[in-house]
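Step one of this worksheet: look at the structure below.
The values are calculated or read from the model by the stated rules, or taken from the named source; none is laboratory data. This structure is a prediction, so every number in the text was calculated from the model and none was measured. Note: ideal-geometry Cβ built from the backbone for every residue, glycine included; neighbour counts use all protein chains shown. All accessible areas refer to the heavy atoms of the entire protein, side chains included, with ligands and DNA or RNA removed. Shrake-Rupley method; radii C 1.70, N 1.55, O 1.52, S 1.80 Å.
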Amino acid sequence: MNKKLVAALSGGAALVLALTGCGGDDGGNKKLDDWAKSVCDQMQPQVKKIQDANSSIANVQNEEDSKKIQQTDSTAFQANADAYKALATSVDRAGPPPVKDGESSQKNAVKALNDLSGAYAGLKKRMDGLDTGDKSKFAEGLKGIAGDIGKLSSRSDEALKKLQSGDVGKAMAKQPGCQKTSVTSTPTKK
């Protein structure tokens, strides 16, 4: 019942991780590095909240109890709404990155993150309103929610990609808070 929702959420998680995964060197721009640090220091805890929330949804994907699915998903959607709001606040407080078109990139990213926050709050409300007493209606409601999550990630992807492109992305990639954490900890041989 919940598998489409999990698949859709993994797209949203990829969206956040897109903010955290560039490589390269920005040429030592101190102002840009300071800007990236101010954003990235706030990012990792929020990314973790989003990953944890999405994991909780994945953990109930084979659950038969509609009420348990509803409670878990509703809590996860609220956590995602709060985390995206906090990310938007972090990017907003950091101000525009000191690059060409930095102000428009920042504004677009803040709007995209706030839109995601609002959309997840809306999904929570819809989830809370699903009829858990009728399994077919509940499954149909989950299917609709999963479809909307898929639309969310594509809608906000562009502004976030623009924010972390070029020198801004390179500066962010150097910050520990914006570096992707590996899913498995495999030791590397030298």
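What the table below lists for this structure:
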read-out	value
Hits in region 130-154 (condition: closer than 16 Å to Lys68 by Cα, surrounded by 12 or more Cβ atoms within 10 Å (Cβ to Cβ) and among the small types (Gly, Ala, Ser))	Ala139, Gly141
Test: residue in region 109-117 that is surrounded by fewer than 16 Cβ atoms within 10 Å (Cβ to Cβ), within 19 Å of Ala36 (Cα to Cα) and either basic (Lys, Arg) or out of contact with any strand residue (DSSP E or B) (no Cβ under 7 Å at 6 or more places or on another chain) (or both)	yes
Subset of region 37-71 (residues that are surrounded by fewer than 20 Cβ atoms within 10 Å (Cβ to Cβ) and polar (S, T, N, Q))	Ser38, Gln42, Gln44, Gln51, Ser55, Ser56, Asn59, Gln61, Asn62, Gln71
Conditions (1) modelled with pLDDT of 85 or more; (2) within 30 Å of Asp65 (Cα to Cα): number failed by Ala109	(2)
Whichever residue in region 23-36 is modelled with pLDDT under 85 and either over 18 Å from Asp101 (Cα atoms) or part of a helix (DSSP H, G or I) (or both) and, among such residues, is most open to solvent (accessible area, probe 1.4 Å)	Asp25
Qualifying residue in region 60-68 (condition: small (Gly, Ala, Ser) and more than 20 Å from the chain's Cα centre (by Cα))	yes
Residue count for region 36-93, restricted to those that are aromatic (Phe, Trp, Tyr) and touching a Phe, Trp or Tyr at 6+ places or on another chain (Cβ under 6 Å)	1
